[in-house]
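Have a look at the structure below before the remarks.
The values are calculated or read from the model by the stated rules, or taken from the named source; none is laboratory data. Predicted model, so just to flag it, every value in this text is computed and none were measured. Here the Cβ positions follow ideal geometry from the backbone for every residue, glycine too, while neighbour counts run over all protein chains shown. Ligands, DNA and RNA are excluded from the accessible area calculation, which covers all protein heavy atoms including side chains. Shrake-Rupley method; radii C 1.70, N 1.55, O 1.52, S 1.80 Å.
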Amino acid sequence: MKRVLLAAAIFVCSFQTIAFCQTGNDVLSNGVSKLKSLLTDHIIEKAYLHFDRPYPCYVAGEVVYFKAYVTMGERHEPSAISKILHVDMIDKNDVVMHSIALQLTNGIGWGDFGLPDTLQKGSYRIRAYTEWMRNDEHPYFFDQYISVGSVNNVDRVAENTAQALKPSLQFFPEGGNMVEDIPIKVGFKAIGLNGLGLNVKGVVIDNEHKEVAKINSVHLGMGTFGFIPEIGKTYKAMVTFADGSQESINLPAAEPKGTTLSVNTDDPAKISIEIRANKPFYKENLNKQLNLVVYYGGALKRYTPKLDNSILGLDLPVNTLPTGIVQVTLLSETGEQLNERLAFIQNPDLLNLSIAANKPSFAKRENVQVSVNAKNKDGNPAAGSFSVSVIDESKIAVDESTENTILSYLLLSSDVKGYVEKPNYYFANVNKDTRAALDALMLTQGYRRFVWKQLINGNPAANSAVAYNPEKEINISGSLKTKGGEPIPNCPITLLSKAGGLVLTQVSDSQGHFVFPNVQFETGTEFILKAQSSSGKKAVLALDKTSPGPVVSPGNAIDARYNANADILASLKNSQAPGVMMANAGSTSLLLKDDKVISPKSGDDYRSSNIGGPGHADQVIKGDDIKNSSSLSTGLSGIAHGVVFNGGVPALQTGATVSGAMGGSEGMEPMLVVVDGVTVGQGVPLDLYSPSMIETVEILKGANASIYGMQGGQGVIVLTTRQGAERDETVSKEMSPGIFSIEPKGFYKAREFYAPRYDAGQPANNLPDQRNTIFWKPDVTTDADGNASFNFFNADGTGTYRVEVEGIDSKGNLGMQVFRYKVQ
């Protein structure tokens, strides 16, 4: 049959510049209008964290450093929407252990989490989000698992149980369906018991047992095959998986009437689109208008050909398309979606980063000077923000294909449904094979920024009201009331920083409410609030509760598997001996001396925000047992073993006695209070928290409490709130009538990465230097000429050191580059 090429683009609608094309009163115009609203009123935000290590493995007692890149829109421009990024550390029970707020400047910020040296070995998650992201039905939260080993426990953890009873194989006809008498390309994906891709081979046969195609996976269980479904025939695959198991699987039935849509990206210079109609469909719809819509990076191309031939074709030069996912959709004259195909465009439009060191090789502890130059796709200097990680690669072999980078995450993983195995494989070394594998991924895993059918039908989800406004600032707010609960209006209130310098004044409104807007301060800053009531009535201060954070969704079971490289790091840290130890970056088990399996204790399946994890408390009290109590301390009195309460403040009966404690001349030293992983402090009354919001209460004494250091010496009470429950993170204490001491949660101040200096003339340092992360710098900026430089000192390890630079310029161009050098 003759392939008729479509004319050049009939309609080009760029949503990025908000220049929309009007196409008359046809049915698709409504969908185009809805898409305009979606892309302008609901601009997406994404967050990506670059960690100080390319492999997500740490040891208890270390610090996890990261830089946050928050982008907006389809072209990944640094976000101007939100000024605050929330970053949570989550345990294996989906409980937020610790949460920080990062101040964003042009979408950029950085922070860290210190891992207690007593942290229980296992897999933990780091989640990052803005409030604005929560408006999306499927929000673009960043979610990364890290594996934490321990120098006190280098045995392996239990393997994850199988996710299925047998391997599975799925088929994905290109364009969505097979049609009789039309050649079709079918994508397939085989998944093993562990949820990862599994190699498979076999044949496709028809109902007369005639072979029509061969099946042979080419990458991670994925591949394609082609054949022509004949009228009235059915097909099945006879396959053998890599584990030796065999199966017979029916292919989807071919439609007796319809169209197919194929997209070919084999030629890096163009994308070829082909529409085919079989005889029944072609005869019924001859000369009717079709709608072909190509959506990419916030822009739209629309073509409206007539079905005057059974084969229609179109070639698009890819230099007009940005690197990323392209969504090609074929709709009928009435707006019915006929076919859809996703493709991935890889263009040389990313930042070109050049990295060079002042020497080809170095000695141990020698100073290394590195220069970076950034250019855009046109070869012009690029001024941008970058982060730098340097590791001793001789300790852990980096499998770059499994790495999560700024390219693989923002361009691919964040948009594709399901788990993307080895995401950086498609970016680390682009060639014909990686392009083919990436196209197979596009066939087998979907992406849905929107669905045309919903847009055309006016689905309110595309135009829903904004529930969460972008956060621009931190406010300190609350209300003043009398002891009887009456508001104290028109009351002058003064806010002072205990450190000095800040003095702000406000007046309470008719309801006694007050707000100090846009207060710039760091977490840990203490303030004094003075309320000068003219009525002479004693004021009771109630600080506003923070809105509840998003519920923690269950993590991906594949990502959650413990990575044995963390045990290698723990072993090296424990022995402090140099040497090379290698493991596959995706490994989940490692046999060490005295190897044993650690399994959860019976009854340890409750939600816990104890940094030691569930099963490490002397007593656990379920919230359902106390939820109807008049106060939390009342509910716990008599139930919490060995704990007494004075004014709601808990203390151990066997605790130390101090003078002037708890309001008396002599009393017991109070316990440490921890709420949802946040250390609130000692002497805090539990009645600040409603019994109905508590899911579990854990009492820690002695060895179990020692995980909190000296603060836990007099015991610890850990409160874990119910998911979605509100809680007041701001603690206030009345120092004297009308004068309150408060410590609200502010912006997190990132700690500076520590690395020793070995300058000439300095006293010799004979301590062993077995650092894993050699250097971390989150604030590298290139100048107007695209240049930046930094320097650091090597450790004692010899072999290959790996320098990784990631970042973004002001226009949203992304860049990532790796450089290696030798240490002898």
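Hey, what does the equivalent ellipsoid look like for the chain, semi-axes from the Cα gyration tensor as sqrt of 5 times each eigenvalue, largest first, whole Å?
52, 34, 29
Under the Karplus relation 6.51 cos²θ - 1.76 cosθ + 1.60, θ = phi - 60°, what is the ordered set of whole-Hz ³J(HN,Hα) values for the stretch 122-139, x standing for Gly and Pro?
Result, ordered by residue: x, 9, 10, 10, 10, 10, 9, 7, 10, 4, 4, 4, 5, 6, 7, 4, 10, x Hz.
Straight-line reach from K375: which lysines fall under 20 Å, measuring Cα to Cα and dropping same-chain residues less than 8 apart?
K375 reaches K811.
Return the long-range amide H neighbours of D618 (sequence gap of 5 or more, or a different chain), with a cut-off of under 5 Å between placed amide H atoms.
Hits under the 5 Å cutoff: I699, L700, K701.
Using θ = phi - 60° and the Karplus form 6.51 cos²θ - 1.76 cosθ + 1.60, what ³J(HN,Hα) does each residue of the stretch 203-214 get, whole Hz, x for Gly and Pro?
The phi angles translate into 9, 10, 10, 8, 6, 9, 6, 8, 6, 10, 6, 10 Hz.
Per the helix-only calculation at 222 nm, which mean residue ellipticity applies to the chain, given -39500 (n - 2.57) for every DSSP H run of n ≥ 4 and division by its residues, nearest 500 deg cm²/dmol?
-2000 deg cm²/dmol
How about K288: which aspartates and glutamates have a C-alpha closer than 12 Å to its C-alpha, ignoring those fewer than 8 places off in the same chain?
Correct list for K288: D308, E333.
So how do 483-495, 804-816 stack up, highest first, on mean other-Cβ count within 10 Å?
Peptide ranking by packing, descending: 804-816, 483-495.
In terms of Cα to Cα distance under 14 Å, which aspartates and glutamates are near enough to K822, apart from those fewer than 8 places away along the same chain?
E366, D392, E393, D796
So how do 344-354, 245-255 stack up, highest first, on mean other-Cβ count within 10 Å?
By packing density, highest mean first, the sequence is 344-354, 245-255.
From the square roots a ≥ b ≥ c of the eigenvalues of the alpha-carbon gyration tensor of the stretch 742-822, which class results: rounded (a/c under 1.5), prolate (a/b over b/c), or oblate?
Verdict is oblate for the stretch 742-822.
Here is the link list: K417/K749; K92/K377; K46/K270. Which ones come out longer than 31 Å on Cα distance?
Among K417/K749; K92/K377; K46/K270, the Cα-Cα distance tops 31 Å for K417/K749; K92/K377.
I need the shape label for the stretch 205-320. Rule: rounded when a/c is under 1.5, else prolate if a/b > b/c, else oblate, with a, b, c from the alpha carbon gyration tensor.
Cα axes put the stretch 205-320 in the oblate bin.
Compute the angle between helix 432-444 and the longest alpha-carbon principal axis of the chain, please, reported from 0 to 90 degrees and rounded to the nearest 10.
The angle comes out at about 80 degrees.
I'd like to know which of S394, I717, P423 lies farthest towards the positive end of the charge dipole of the chain, counting +1 on Cβ of Lys and Arg and -1 on Cβ of Asp and Glu.
Most positive-ward Cα: P423.
Would you please give the residues with an amide H less than 5 Å from that of H98, counting only those at least 5 places away or on a separate chain, with H modeled from the backbone geometry?
Those lying under 5 Å, H to H, from H98 are M89.
Whenever you get a sec, compute what percent of the accessible area on the chain sits on carbon and sulfur atoms (1.4 Å probe).
It is 49 percent, rounded to a whole number.
For a quick check: with amide H placed at 1.01 Å from N, whose amide H comes under 5 Å from V59's, ignoring anything fewer than 5 positions away on the same chain?
Placed amide hydrogens put G149 under 5 Å from V59.
Which pairs, out of K185/K210; K34/K257; K395/K701, put more than 27 Å between their alpha-carbon atoms?
Listed pairs above 27 Å: K34/K257; K395/K701.
Sort 509-520, 69-80 by the packing proxy (mean of other Cβ within 10 Å over each peptide's residues), most packed first.
So the order, starting with the most tightly packed, is 69-80, 509-520.
How much net charge surrounds R365 when only other residues with a Cβ under 12 Å from its Cβ are counted (Lys, Arg +1; Asp, Glu -1)?
Here the count lands on -1.
Dipole magnitude of the chain about its Cα centre, charges +1 at Lys/Arg Cβ and -1 at Asp/Glu Cβ only, in debye to the nearest 20?
900 debye
Taking θ = phi - 60°, what integer Hz values does the Karplus form 6.51 cos²θ - 1.76 cosθ + 1.60 yield along the stretch 486-492, in sequence order, with x for Gly and Pro?
7, x, 10, x, 6, 9, x
With a cut-off of 8 Å between alpha carbons and a minimum separation of six or more residues, what is the relative contact order of the chain in percent?
17 percent
Can you tally the net charge around K34? Count Lys and Arg as +1, Asp and Glu as -1, for every other residue whose Cβ sits under 12 Å from the Cβ of K34.
Summing Lys and Arg as +1 and Asp and Glu as -1 gives +1.
Does the stretch 74-221 come out rounded, prolate or oblate, given a ≥ b ≥ c as the square roots of the eigenvalues of its C-alpha gyration tensor, rounded meaning a/c under 1.5 and, failing that, prolate meaning a/b above b/c?
Taking the square roots of the gyration eigenvalues as a ≥ b ≥ c, the stretch 74-221 is oblate.
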